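The values are calculated or read from the model by the stated rules, or taken from the named source; none is laboratory data. Because the structure is predicted, anything quoted here is derived from the model rather than measured. Using ideal geometry, Cβ is built from the backbone for each residue, glycine included, and neighbour counts are taken over all protein chains shown.
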Amino acid sequence: MATKKVYSNTLAQIAGKVATALISIFLIKILTNYLDVAGYGLYSKVYNYLSIFSVIADLGLYTITVREISAHKDNHEKVQGIVGNILTLRTFFWGMIIFLSLAIGFLLPGYNSPMAMAGILITGVFTLFGLMNSSVMSLLQAHLKTEFSFVSVTTGKMVNFLAILLIVFVLLPKGLMSENPILQFWGFVAILLAGLLGNVVMTGLLYFYARKIEPIRFRFDPVYMKHILKISLPYGIALFLNVIYFKVDIVLLSILEPQTVADISIALYSVPMKIVEVGMMFGTLFLNSMLPLFTEAIKKNSLLSNPLLKGEGTISPLLLIGKEVGGWGDSNPELLSYVAKAYKILLIFGVGIASFLFVNDANVLSFIATPEYIEQTKYLYTSLDAMKIVVFIFLFYFLSSLFTYLLIAHDEQKKLLKINLIITVANLVGNIALIPFYSFVWSAWVTLACQVFLLLFTYRATRNLVRFNFLPSFTLSTIFFAILASGINWYILQIFQMGIFLSLLICATVFSLIYLGGIGGVWFLGKTKLLK
């Protein structure tokens, strides 16, 4: 695998994610202005609801498909069979989940209104193209040709963005829509159709490019389908539990809150959570690039760590040292080095993003949403109350993901499944117990607490792989500079009265110079080491 191809592949994904994130932020701003608070709550609720079913339809097939294609990419007939059968499977599962989502939605309070049911149907079709898009992407990923994904993803998002602008400012402007309930219905439907149009364009462009690598058509091989489902099911269940844990609070809010305020609560909670979701994908992208390095280091060390695999009757001195100090993971310095490097990057961005958003939460929310989302008197809680809590999810999510990927690299999906099951149950119990009394603010606290426990559990589960000590000197210096930069940021906000955009620009610049400059200065002076 050429290093140049790995770099271009990663950079293409980063470029696509950055473009998608920026467009997503502007879409939030437009939609929170166009739809009232309850309308945006319904919009978020529908997408959140279908995202749960889309994971059921995927069943972890994307990751397994990439692995299968990578193992047989020189066998063109085999690759065509893999992609064709995955397309057939996903289309079949999509038919099941669209029926299931509509049937369950019809029975759920808050999901059975005509507007919500229409939204579920349209978003369900959106999900179909998302699954097809993912199937094609697995082929490109296996061949390290995802550079075209930047073009297709950005184009699809831009089509979505432009279609929404056309609806909001030309076809069904807010002033016209707000006077007529029928137009409100069609305005909501049109916004969802704009998202569907963007996904259709993105999938079409990817298909056009991917067919140059391999012909793509539906296949039906029951034997192979059974094989691929058998190996993907454990990972798919773990992914499903992870999504349930992170998405179920919206569903529970819609059921446990009074129907008169449920969609409003969802909207106020969804805006800060959407910011968190947009930021979280960058940690996942980085760890996707680190995963092959983790896997290679673990495999390279496996023979040394287990002399029985080599057929030897004695244990080397190095292994005795590793065993003496507390585990075979101590005898894998290469893996420890990779983990330390990944930890540094994830910690810097996790602490930095959380600190900056905590201090600038009001300006960030004011920039992307209407004042109604942060007014202190209109609702019991505001988006600002949730924002101050959920920003710290960044930090714990980034770090727990590091140890999650270590488990995946070591083929420990069963351990991951048990951990996700515990966290999901804890999240469900916490939300059911607290939502009726404290609304979405305690959903935020429960989500954050579960992320902390997820970090603890995944770290403990990887102790047999690597004895990582969280680099105390580096960690403390990072936290110190984050507090220093946050304090100066807060002082600027108190002293200078500026517009929202100018304030965010100045604060982001000053925060970055102090925080990143301080960490860089300490590293340059040699006061911290890679492994402490």
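Among the residues of region 290-312, is there at least one that is within 30 Å of Val46 (Cβ to Cβ), at pLDDT 60 or above, of a type in the set (Ser, Thr, Tyr) and part of a helix (DSSP H, G or I)?
From region 290-312, those within 30 Å of Val46 (Cβ to Cβ) are none; that's our starting set.
No, region 290-312 contains no residue that is within 30 Å of Val46 (Cβ to Cβ), at pLDDT 60 or above, of a type in the set (Ser, Thr, Tyr) and part of a helix (DSSP H, G or I).
Any chance you could count how many residues in region 460-481 are of a type outside the set (Gly, Ala, Ser) and in a helix (DSSP H, G or I)? Break it down into steps so the answer makes sense when it comes.
Within region 460-481, the first condition is being of a type outside the set (Gly, Ala, Ser), and the residues that meet it are 460, 462-472, 474-476, 478-481.
Then keep just the ones that are in a helix (DSSP H, G or I); that gives 460, 472, 474-476, 478-481.
Within region 460-481, residues that are of a type outside the set (Gly, Ala, Ser) and in a helix (DSSP H, G or I) number 9.
Of the residues Ala449, Ala409, which is out of contact with any Ser or Thr (no Cβ under 7 Å at 6 or more places or on another chain), of a type in the set (A, V, I, L, M) and assigned by TED's automatic domain parsing to the domain that holds Val271? Spell out the reasoning first.
Numbers: Ala409 fails: out of contact with any Ser or Thr (no Cβ under 7 Å at 6 or more places or on another chain).
So the residue among Ala449, Ala409 that is out of contact with any Ser or Thr (no Cβ under 7 Å at 6 or more places or on another chain), of a type in the set (A, V, I, L, M) and assigned by TED's automatic domain parsing to the domain that holds Val271 is Ala449.
Based on this model, can you work out whether Ile495 counts as at pLDDT below 90, surrounded by fewer than 22 Cβ atoms within 10 Å (Cβ to Cβ) and in contact with a Phe, Trp or Tyr (Cβ under 7 Å, 6 or more places away or on another chain)?
Working: at pLDDT below 90: yes; surrounded by fewer than 22 Cβ atoms within 10 Å (Cβ to Cβ): yes; in contact with a Phe, Trp or Tyr (Cβ under 7 Å, 6 or more places away or on another chain): no.
No; evaluated as a whole, the condition is false for this residue.
Quick test for you: out of Phe349, Phe457, pick the one residue that is among the aromatic types (Phe, Trp, Tyr), in a helix (DSSP H, G or I) and closer than 30 Å to Phe26 by Cα. Outline the logic, then answer.
Values: Phe457 fails: closer than 30 Å to Phe26 by Cα.
Among Phe349, Phe457, only Phe349 is among the aromatic types (Phe, Trp, Tyr), in a helix (DSSP H, G or I) and closer than 30 Å to Phe26 by Cα.
Does any residue in region 41-59 that is in contact (Cβ under 8 Å) with a residue 40 or more places away in the chain and over 22 Å from Tyr373 (Cβ atoms) come within less than 8 Å, Cβ to Cβ, of a residue that is hydrophobic (A, V, I, L, M, F, W, C) and not in a helix (DSSP H, G or I) six or more places away or on a different chain, and which pairs are these?
none
Using beta carbons and a limit of 7 Å, which pairs, at least six apart or on different chains, have the first residue in region 370-382 and modelled with pLDDT under 65 and part of a loop (DSSP other than H, G, I, E, B) and the second one crowded, with 18+ Cβ neighbours inside 10 Å and of a type outside the set (D, E, K, R)?
Short answer, once both residue conditions are applied: Gln376/Thr382; Tyr379/Ile264; Tyr379/Leu268.
Does at least one position in region 224-242 carry a residue that is part of a loop (DSSP other than H, G, I, E, B), basic (Lys, Arg) and outside the structural domain of Leu406 (by TED's automatic domain parsing)?
So the first thing to find is which residues in region 224-242 are part of a loop (DSSP other than H, G, I, E, B), and the list is none.
Scanning region 224-242, I find no residue that is part of a loop (DSSP other than H, G, I, E, B), basic (Lys, Arg) and outside the structural domain of Leu406 (by TED's automatic domain parsing), so the answer is no.
Considering (1) surrounded by fewer than 18 Cβ atoms within 10 Å (Cβ to Cβ); (2) more than 15 Å from Ala342 (Cα to Cα); (3) assigned by TED's automatic domain parsing to the domain that holds Gln413, say which one Thr458 fails and leave the rest.
(1)
Does region 390-406 contain any residue that is modelled with pLDDT of 85 or more, touching a Lys or Arg at 6+ places or on another chain (Cβ under 8 Å), of a type in the set (Phe, Trp, Tyr) and assigned to a helix (DSSP H, G or I)?
Scanning region 390-406 turns up no residue that is modelled with pLDDT of 85 or more, touching a Lys or Arg at 6+ places or on another chain (Cβ under 8 Å), of a type in the set (Phe, Trp, Tyr) and assigned to a helix (DSSP H, G or I).
Just one of (1) in contact with a Leu (Cβ under 8 Å, 6 or more places away or on another chain); (2) touching a residue at least 40 places away in the same chain (Cβ under 8 Å) trips up Trp442, so point out which.
All conditions pass for Trp442, except number (2).
In region 481-492, what residues are aromatic (Phe, Trp, Tyr) and without any contact (Cβ under 8 Å) to a residue 12 or more places away in the chain? Show your work before the answer.
Start the filter on region 481-492 by keeping residues that are aromatic (Phe, Trp, Tyr), which leaves 481, 490-491.
If the condition is that a residue be aromatic (Phe, Trp, Tyr) and without any contact (Cβ under 8 Å) to a residue 12 or more places away in the chain, then Tyr491 is the only one that fits.
Taking region 265-291, which residues are among the β-branched types (Val, Ile, Thr) and buried (at least 22 other Cβ atoms within 10 Å of the Cβ)? It would help to see each step written out before you state the result.
Filtering region 265-291 down to residues among the β-branched types (Val, Ile, Thr) leaves 266, 271, 275-276, 278, 284.
Within region 265-291, Ile266, Val271, Ile275, Val276 meet the criteria.
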